[in-house]
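The values are calculated or read from the model by the stated rules, or taken from the named source; none is laboratory data. Bear in mind that the values here come from a model prediction, so they are computed numbers and not experimental data. Methodologically, a virtual Cβ is constructed for each residue, glycine included, from the backbone with ideal geometry; neighbour enumeration extends over all protein chains shown. Surface areas here come from the heavy atoms of the whole protein model, side chains and all, with no ligands, DNA or RNA. Shrake-Rupley method; radii C 1.70, N 1.55, O 1.52, S 1.80 Å.
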Amino acid sequence: MRDLSINQNNLYLLLPSKLSWMACQLAEAKNISIAEAIQKIYSSELYQRLEIESTKLWHWGPLALYEELEEEQALACNR
């Protein structure tokens with residue numbers, strides 16, 4: 001029987017679909033290119049936490065992750 005659990009070694013397989021949806025939404029909302037949106041996502045604190053399996057953020061849907069990213073960016077602007 002194969003081990004189908006999510007762990008740090010296979011988490012990377014789940015992220016692209018969530019991130020692609022987020023990038024499209026961010027690009028549309030901010031009127032930026034997909035490349036710029038992807039860069040914003042990959043440089044975010046959210047992504048740093050998302051790529052750590054133990055945070056369990058990978059359980060979140062793309063909409064919840066996008067909203068978290070928006071909150072993070074709003075807080076950064078207010079600093």
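Structural remarks
- Leu4 falls short on exactly one of the conditions (1) in a loop (DSSP other than H, G, I, E, B); (2) at pLDDT 95 or above, and that condition is (2).
- Considering each residue of region 1-8 in turn, none proves to be among the hydroxyl-bearing types (Ser, Thr, Tyr), in contact (Cβ under 8 Å) with a residue 40 or more places away in the chain and either exposed (fewer than 11 other Cβ atoms within 10 Å of the Cβ) or out of contact with any helix residue (DSSP H, G or I) (no Cβ under 7 Å at 6 or more places or on another chain) (or both).
- Within region 10-31, the set of residues being closer than 18 Å to Cys77 by Cα and open to solvent by 40 Å² or more (accessible area, probe 1.4 Å) comprises Ala29, Lys30, Asn31.
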